[in-house]
Amino acid sequence: MRVGLVGTGYAAKLRAQTLLKDRRTDLIAVVGNKSSKTEAFARDFQLRALESPQQLLEEDIELLIVSNVNSEHAAVVRAALEANKHVVVEYPMSLDLVEASELINLAKSKNKLLHVEHIELLGGLHQALKQHLDKVSKVFYVRYSTIKPENPAPRKWTYSHDLFGFPLMAALSRLHRLTNLFGEVMSVNCHNRFWATEVEFYQSCFCTTQLNFTSGLLAEVVYAKGETMWEAERKFEVHGENGALIFNGSQGVFINSQETTPIEVGSRRGLFAQDTAMVLDYLFDGTPLYVTPEESLYALKVADAARQSAATGITTAL
């Protein structure tokens, strides 16, 4: 299967490494945003460097992998589907909820694969959560916090309102992990704060969101990064009637009134390779994928409700 790649960043590099090792695929060309970086990427992986996604789609490829900046995902995905290509795209498939739904319908009408990467479901933390969740019985409260100090913050697209998008749409995995585990959300309350000393990029972002699930579960999500963050945190807490699951970084424990028991958490490495291999298994052998675009769309719907709440200061009902 002949494959094209849009993007030259971290995810694109891992995709390229996997595709070049797989005998089922022939990765032929790459398109990036900066010609110098694209040419360097092409040299490293012995690919052709092309100037635009449209030029790539004119090649004899069957699968396009989209790993570029968030704001460009939807346009490239749409063009690829209209050109009758299978598509893999890193989340989010679009920064616009209506457009994302249109892309899913377009893929169905063309009978083509639209796979939205959600490697958080494959990682050790999520697998440990699923394995041990029944120990706490009924869940009452969840807190998921990821805080990343960066000083100085990089002057790149991940710190741009236009290119990165609303924080929880851009970092969709934070919400998707919760909807995958706990189901439907009833309402969302969200607040954002940005710190910026420049016009093009901000230097810090802090986003806090409360999700009220139809089950009665209350969840809090904190996503923060940048120069005004001073201590890193990657913590997931699940509190239930029979105990709690606490994951702090790569360490996990189950706590109840009698004991504290360690929980083994698998690695976060190799997940893009695993995702890529599963896509190829689906295309060649019909093996079911681990996530559907509709599931990603629902998480995007929750993220869009958070965006509306942050903009209006009012709790948003779904």
Alpha carbon centroid spacing (whole Å) that separates region 16-51 from region 271-291: 20
Tell me whether region 152-227 comes out rounded, prolate or oblate; compute the Cα gyration tensor, take square roots of the eigenvalues as a ≥ b ≥ c, and use a/c under 1.5 as the rounded threshold. prolate
Please list, short to long, the whole-number percent of alpha-carbon pairs of region 2-117 in consecutive 10 angstrom bins beginning at zero. 15, 51, 30, 5
Kirkwood-Stokes translational diffusion coefficient of region 93-213, alpha-carbon pairs, 25 °C, 0.890 mPa s, µm²/s: 144
With DSSP loop assignment and no more than 16 other C-beta atoms within 10 Å, the trypsin sites (Lys or Arg not before Pro) in region 217-318 are R268, R269
Per DSSP helix of 4 or more residues, -39500 (n - 2.57); summed, then divided by the residues of the chain. What does that give at 222 nm, rounded to the nearest 500? -10500 deg cm²/dmol
Which longest run of the chain has no exposed loop site in it, a site being GluC sites (Glu not before Pro) in a DSSP loop with at most 16 other beta carbons within 10 Å, and the site itself not part of the run? 63-149
Kyte-Doolittle mean at least -0.5 and Cα axial length at least 18 Å: DSSP H helices in the chain: 97-110, 271-285, 293-312
Loop-resident chymotrypsin sites (Phe, Trp or Tyr not before Pro) in region 1-82 with no more than 14 other Cβ atoms inside 10 Å, DSSP not H/G/I/E/B, are none
V116, V88 arranged by Cβ crowding within 10 Å, fewest neighbours leading: V88, V116
For the residues R43, R23, R78, what sequence is obtained by ranking on other C-beta atoms within 10 Å, fewest first? R23, R43, R78
Mind jotting down the three principal axis lengths of the chain based on Cα atoms? Whole angstrom, largest first. 61, 48, 36
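Where a number appears in this text, it was derived from the coordinates with a stated rule and is not lab data. All figures in this text were calculated on a predicted structure; none of them were measured in a lab. No Cβ is skipped: glycine too gets one built from the backbone with ideal geometry, and neighbour counts run over all protein chains shown.
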